[in-house]
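J.: If you scroll down you'll find the structure; I have some questions about it.
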Amino acid sequence: MYATARPLELHLLDYTIPLHPRRLARTAVAEVKSMPVALQAWFGFLFAILAVAVVAAAVSIPPGWEVFGTTPSFEWGLMIIGYVFFAIMTSGLCLSSSLGTVFGIERFLPFEKRHAVLAILSLLTAFLIIALDLHYPVRMVFGAMLVPSPSSPMWWMGVFYGAYLVVLIVEVWSMFTDHPKIHQYACTIASVIAILAPGTLGAVFGVVGAKAYWNGIFTPIQMVITAFLAGSALLGIVFYLIHRLRLADWKIAATIALPSVRVLMAVGLVAVSALLVRQVAVGLMGDVRGLREATLALVAGPLADLFWARILLGLFIPALLIAAPLAKTHPAMTFSASILVLFGVLLDRYLFVVAGQIAPVGAGAGTLAYPYAHYAPTPTELAIFAGAAAFMALGYTLAERYLKMGEGDAHMFFPFPWIKKHHDHDEEDHEGHADAPAAVATPEVLA
């Protein structure tokens, strides 16, 4: 008698994945066929964008291939903008969620699982973008470890974001494998780093004395507040789609999560608007060389169209949508405000990076652009940025389909007196409990 060889399999959470190539291919084909048509189209759309982005990334790697729009006068372009955008969004997600997971405010408890998945995907996306911009990121990793530089904000940025990724991985692992004590510590540490990481990222810009528009103590503060606004807006988009597509916990998405998002975005919009007014006022009235020129480029120069579009679309209209009485009964208004806010944050980061370089005050590499330097993203940069967004969207779609995304108990770290015990929602009150699969079962839902 010969023993029958057991098939090679990988057991991951509640799934068994065959490792034999033929069985794996058959399983993948069967899974794709079982998906709703709309979901198949969504995956196809994302993979098409990723395919173009992979080609663009491969083109950008060889030395000497000048495929980015940067110049000696304009050294930081869309890659740095993309890195900053996705990196601060990671922190914003954790800051929004910490109100429930760390401080125990009950209305923010539904943010627990989805914020962590989104945060880790956002940070991975930021790392992929900066890796392509650096060309040889391995040298940076070994340099940071073997030659530490505690006086450098950039070194601290690498330390905090590297630690951030590790903590987020532990947080997600402990969340889906039921390790509440580890989850307590991971959530609390992540909330602390969520402030330190964007603060040091802002300091990287703030200590550059040659760029007057970036220089100053308010740059790290602005980075943290903008991060909070970006994370809140992304949660608004996600929870509206959860409600619209009837995913796990779809009823509390509309009754608890979206009203909470409106509160967070209202606070963020007020804070960001106040900092923007201060920044423009100081820029126009200041006498620091390069600061007034950069601010004039924003409000009345080559960047004016984007600046006022950012004010109108990213601040004013979202504030009206959030404040409207109909927003309480029409989730689509919160969804629209969230999209506009997130678009406004992207424009804001673009303007921030560009305005800091558009009015050079000295020659760089023997050149001096006067009165304004010029930068326009190339198709390669745009394709990489679009691919980064598609990567994050793909990762989250897979998580929503295959992980148990129903929100359970948030494991608070601090025993504040206002914390109430969070009970699991009764299945009669909402569909898609944490024990139920998060995948969409019928094509009618996605149609």
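Every read-out reported here was derived from the displayed coordinates using simple, explicitly stated rules and does not represent laboratory data. All values derive from a computational prediction rather than experimental measurement. So basically every Cβ, Gly included, is an ideal-geometry build from the backbone, and we count neighbours across all protein chains shown.
J.: Of all alpha-carbon pairs in the range 222-354, indicate the percentage at a distance above 18 angstrom.
T.: So the portion of pairs separated by more than 18 Å is 55 percent.
J.: Let me ask you something else. Take the range 33-176, drop everything but the C-alpha atoms, weight them equally and run the Debye formula without solvent; then report log10 I(q)/I(0) at 0.11, 0.18, 0.19, 0.21 Å⁻¹ to two decimals.
T.: Scattering profile of the range 33-176, log10 relative to I(0): -0.59, -1.20, -1.25, -1.32.
J.: When the Karplus curve 6.51 cos²θ - 1.76 cosθ + 1.60 is applied with θ = phi - 60°, which whole-Hz ³J(HN,Hα) does each residue of the range 52-59 get, with x for Gly and Pro?
T.: Residue by residue, the range 52-59 yields 5, 5, 5, 4, 5, 5, 5, 5 Hz.
J.: How long are the semi-axes of the ellipsoid equivalent to the range 28-69, from square roots of 5 times the Cα gyration tensor eigenvalues, in whole Å, largest first?
T.: Ellipsoid half-lengths, sorted descending, are 34, 10, 4 Å.
J.: Further question: Debye sum, Cα scatterers, the range 246-296, no solvent: what log₁₀ I/I(0) at q = 0.19 1/Å?
T.: -0.68
J.: Over the range 260-331, with a single point scatterer placed on each C-alpha, what log10 of the ratio I(q)/I(0) does the Debye formula yield at q = 0.16, 0.27 1/Å?
T.: The computed values of log10 I(q)/I(0) come out as -0.65, -1.18.
J.: Averaging sequence separations of C-alpha pairs under 8 Å and six or more residues apart, then dividing by the length of the range 78-403, give the relative contact order as a whole percent.
T.: Dividing the mean separation by the residue count of the range 78-403 yields 21 percent.
J.: Taking the Cα centre of the range 78-403 as origin, work out the dipole magnitude from +1 charges on Lys and Arg Cβ and -1 charges on Asp and Glu Cβ, in debye rounded to 20.
T.: Approximately 380 debye in magnitude.
J.: Can you grab the distance from the C-alpha centre of the range 33-109 to the C-alpha centre of the range 123-170, Å, no decimals?
T.: Going from one Cα centre to the other spans 17 Å.
J.: Something else: Would you mind checking the radius of gyration and Dmax of the range 79-154 based on alpha-carbon positions, in Å?
T.: In order Rg, Dmax, the Cα atoms of the range 79-154 give 15.7, 45 Å.
J.: Could I ask something else about it? Give me a comma-separated list of calculated 3J(HN,Hα) values for the range 307-315, in order, Karplus coefficients 6.51, -1.76, 1.60 applied at θ = phi - 60°, integers in Hz, x for any Gly or Pro.
T.: 5, 6, 5, 5, 5, 6, 7, x, 10
J.: Right, here's the next one. Tell me, Kirkwood radius of the range 78-403 from alpha-carbon pair distances, in Å?
T.: By the Kirkwood definition, the hydrodynamic radius is 20.4 Å.
J.: Could you list which residues have their amide H under 5 Å from that of ALA359, counting only those 5 or more apart in sequence or on another chain, with H placed in the peptide plane?
T.: ALA373
J.: If packing is taken as the average count of other Cβ atoms within 10 Å, what order do 388-395, 105-112, 230-237, 87-94 fall into, highest mean first?
T.: Order by mean packing, descending: 87-94, 230-237, 105-112, 388-395.
J.: Kirkwood-based Rg over Rh for the range 276-400 (C-alpha set), two decimals?
T.: That ratio equals 1.08.
J.: Of MET154, ALA116, ALA203, which is farthest on the positive side of the dipole of the range 78-403, counting Cα position, with +1 on Lys and Arg Cβ, -1 on Asp and Glu Cβ, and the Cα centre as origin?
T.: In the range 78-403, that residue is ALA116.
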